[in-house]
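A short worksheet on the structure shown next.
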Amino acid sequence: MSNNVETMFSVRETPWHGVGNVLADYPKTVEEGLKAVGLDWEVKMVPLYYGEGNKLQTQKVETLMAITRVSDNQFFGATSPKYKILQNKQAFAFLDNLLDKEAKFETAGALGNGSRVWVLAKLEPYQILGDDIENYLLLSTSHDGTSAVRVNSTNIRVACANVLNIAFRNAMRSWKTKHMNAMGMEAKLLNASDALKLNNKYTQALTSFAEEAAQIKYTEQEVVDFAYKLFPGKPDMSKIEKDHIDYQREALITAMEADDLQNFKLTQWGVIQAVSDYAYHFNGVRKVKSPYETKMGDTLDGSKLLDRAVELLTA
């Protein structure tokens, strides 16, 4: 599938970037959702061999195993023989308990060759300074040995689909969850409860931050100075590099003039939202190979540019 999204579904609306299947209603269970999106496959670990030249002689690698998909032998990565396989169904099992309470199974997908998979659970929306905010738990894991199961608080401003994933010292936006498949129902219930508590703490921190940031005023010159700090130049830049940085600065300043940000114009909150708009919707001057996968990575991991902006503004 295009855009480095291997597979994806969404409910009632065309899914992310126009690829994937549209479902009429929310899946009731993790198993149902994974089957709908085509993520009900399993992975396995197999021996890893190497050879030299055309001699067709192979030797087994004793210190590594290959992680592959059972259905088509797609290679995901190499890892220690001690690595414990966690299937998609197992990784997202505790979402079943959330679906019984506050959450809806909104969407799911796989990136690249399928090595990174994710599901999005929709929680109750709320408001920040009069703006409608969609509230999600984004669960992700990988099959290349690089990450455990992670849960992210993901907040999206409805008016412009800006992802407001801001790093706070006192409220985590992302945390790892233990493998629930072998710990029984009580552990699964506890983990789901913890996920909701951590998400609530994060949304409260975001709301408080926004209320304070909306009171901090800037001059137009200070906003321009900020754009130059966020996209700094260097003395030995080529003309192409200089043009690219100038374009980034201008695009950011233009984002600050958006109609839906006029209530927060020349405030810290308005500037942060403009950076979020830039970070998640700006494709850049040059066409890169995987802009959509990069943006999904920012949603999963948090935007480094947005973190940098908040750091500069609150220094």
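List of remarks:
- Checking 58, 63 one by one, the residue that is among the β-branched types (Val, Ile, Thr), over 30 Å from residue 157 (Cα atoms) and at pLDDT below 85 is 58 and no other.
- The sole residue among 279, 274 that is at pLDDT 90 or above, surrounded by 18 or more Cβ atoms within 10 Å (Cβ to Cβ) and either more than 26 Å from residue 137 (Cα to Cα) or not assigned by TED's automatic domain parsing to the domain that holds residue 166 (or both) is 274.
- Any chance residue 61 is under 21 Å from the mean Cα position of the chain (by Cα) and among the β-branched types (Val, Ile, Thr): no
- Residue, modelled with the lowest pLDDT, within region 167-196, restricted to residues that are assigned to a loop (DSSP other than H, G, I, E, B) and within 17 Å of residue 301 (Cβ to Cβ): 177
- Total residues in region 121-135 satisfying the condition of being under 18 Å from residue 199 (Cβ atoms) and in contact with a helix residue (DSSP H, G or I) (Cβ under 9 Å, 6 or more places away or on another chain): the figure is 7.
- Identity of the residue in region 85-139, among the polar types (S, T, N, Q) and farther than 21 Å from residue 162 by Cα, that ends up nearest to the chain's Cα centre (by Cα): 115
- Region 134-151 - residue that is of a type outside the set (S, T, N, Q) and crowded, with 20+ Cβ neighbours inside 10 Å and, of those, modelled with the lowest pLDDT: 149
The values are calculated or read from the model by the stated rules, or taken from the named source; none is laboratory data. Everything numeric in this text was worked out from a predicted model, so none of it was measured. Because the Cβ atoms are built from the backbone with ideal geometry, glycine has one as well, and the counts that use them run over all protein chains shown.
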